[in-house]
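The values are calculated or read from the model by the stated rules, or taken from the named source; none is laboratory data. Nothing here was measured: the structure is a model prediction, and the numbers come from that model. Glycine gets a Cβ as well: all are built from the backbone with ideal geometry, and neighbour counts include every protein chain shown. Remember, those area values only see protein heavy atoms, side chains included, never the ligands or the DNA or RNA. Shrake-Rupley method; radii C 1.70, N 1.55, O 1.52, S 1.80 Å.
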Amino acid sequence: MSLSSSDGGVLINQAIARLRGMTRLDLQGGWRFHRGDISPEMIEGWRDWSLVELNDRGHVAWSEGGRVLWLAQEVNIPANLGGYRLEGLCLKLSLVWWAQLAEVYVNGSLVQSGDLFDCRTAIVLSKSVLPSSKFRIFLRLVSPGHDRGALVASSCVYEAGKVGEIDPGFIGDELAVYSSYLLRGNIDELELRSPPQVFSVVSPQRWQELGEAVSRINWNIVGDRHLFLRELFRLRQCWETCADLKLVKFRLLGHAHLDLAWLWSVAETWSVAIKTFESVLALQDDFPELIFAHSTPALYAWLEENRPDLFKLIQNRISEKRWEVVAGLWG
């Protein structure tokens, strides 16, 4: 089968969206909201709250000035997404917010907190999901004093739980990276346009091979996870045999930028630092491979004096080579 550059682009773009849709479920439109702080008793009536309305950016937004917004949603685990069975996969709650304070409650327990800079998380809800199981999620969000607040994104992400295993969403991401590499651009260039776009391709032969490999995916066997994953392993060979990509290695180091005196008081600085460091330590419990780096001796000195328990935990992570002290600028 011979494909033009534009036809191959359309097929690849559609395959990326379909593969990602098998393991990712957008939650943005399903939240119910209550403006203002409330007592625990009032939270029990969350099912009577109104559904949110998303703005033109797909955000759940509310007014500035330290205003509180409560969001609630019950996540029900389906048997499949797009025909792909979910049983046994690891489920993460992915959130991105713009809030002075964010608190995430799962089944009544506080599991994560954050702020303007500690503004995204991937909380493990289950390491091996069972269809029909449920999770009750509550978010307490406080808008910044200077800006409107927003829940920017929220979704359920299902992943293969063991190292070396794959899932359709992971392959969709790899396909997006590889096709972007071949196009010398961003994957958004693959969007269907009228008239069809002619792309600048690094290797026309590899682009042709990739398009043909995507066109041969047997979507009819999605319901058989074992057989469909074999299909995806065959597709993956397109980029696993690319010598140029094998020379590329990424090493990622976690970091959180903290201004000691920005649009907040000194007391808020200490509060933000504590929440940030506690979040990092919790993430490292879930993801032992995470290495974090932070500078600012003033924060470490304050922690040593006022939160010796937290300071000790950080010292332990440093000794384990999972926490790097960098730069060293005072302030």
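In the assembled protein chains, E212 presents an accessible area of approximately 40 Å² (probe radius 1.4 Å). About its Cα centre, the chain has a charge dipole of approximately 680 debye under the convention of +1 per Lys or Arg Cβ and -1 per Asp or Glu Cβ, with nothing else charged. Under 13 Å from a point placed 7 Å out from the Cα of D259 along the Cα-to-Cβ direction: which residues of the range 101-128 have their backbone N that close? Backbone N within reach: 116-117. Each label was represented as a point 7 Å from its Cα along the Cα-to-Cβ direction; for D56 and R32 these points are 3.1 nm apart. To the nearest 10, the accessible area of R234 is 120 Å² with a 1.4 Å probe. The loop-placed trypsin sites (Lys or Arg not before Pro) in the range 9-58, going by DSSP, that have at most 13 neighbouring Cβ atoms within 10 Å of their Cβ come out as R57. Taken about its Cα centre, the range 249-331 carries a charge dipole of about 280 debye when Lys and Arg each add +1 at the Cβ and Asp and Glu each add -1 at the Cβ. Where Lys and Arg each count +1 and Asp and Glu each count -1, what net charge lies around L91 among other residues with Cβ under 9 Å from its Cβ? Residues near L91 contribute +1 overall. Taking Lys and Arg as +1 and Asp and Glu as -1, the other residues whose beta-carbon sits under 15 Å from that of L101 total -3. Per-residue 3J(HN,Hα) values for the range 316-325, derived from phi via the Karplus relation 6.51 cos²θ - 1.76 cosθ + 1.60 with θ = phi - 60°, read 4, 5, 5, 5, 7, 6, 10, 9, 9, 8 Hz in sequence order (x marks Gly and Pro).
Taking a ≥ b ≥ c as the square roots of the eigenvalues of the alpha carbon gyration tensor, the range 1-83 is oblate, as a/c is not under 1.5 and a/b does not beat b/c.
The eigenvalues of the Cα gyration tensor, multiplied by 5 and square-rooted, give the range 8-153 an equivalent ellipsoid with semi-axes of 28, 20, 14 Å from largest to smallest.
Residues in the range 66-86, backbone N under 18 Å from the label point at N220 (7 Å along the Cα-to-beta-carbon vector): list them, ranges by number please. Only 83-84 fall inside the zone, counting backbone N under 18 Å. Ignoring lysines fewer than eight residues from K321 along the same chain, the ones with Cα atoms less than 28 angstrom from its Cα are K92, K127, K162, K246, K249, K275, K312. Judged by the gyration tensor of its Cα atoms, with axes a ≥ b ≥ c, the range 215-330 is prolate; a/c meets the 1.5 cut and a/b is the larger of a/b and b/c.
For the chain, adding -39500 (n - 2.57) for each run of n ≥ 4 DSSP H residues and dividing by the number of residues yields -10500 deg cm²/dmol at 222 nm. Taking every Cα-Cα distance in the chain and sorting them into 20 Å bins from zero, the calculated P(r) comes out as 26, 52, 22, 0 percent. When the chain is described by a simple charge dipole with +1 on each Lys and Arg Cβ and -1 on each Asp and Glu Cβ, the residue from I221, W330, I123 located farthest towards its positive end is I221. Surface calculation, 1.4 Å probe, protein heavy atoms: C238 sits at approximately 30 Å² accessible. Rounded to the nearest 0.05, what FRET efficiency is calculated for E212 and E165 with R0 set to 35 Å and r the Cβ-Cβ distance? The formula returns an efficiency of 0.85 here.
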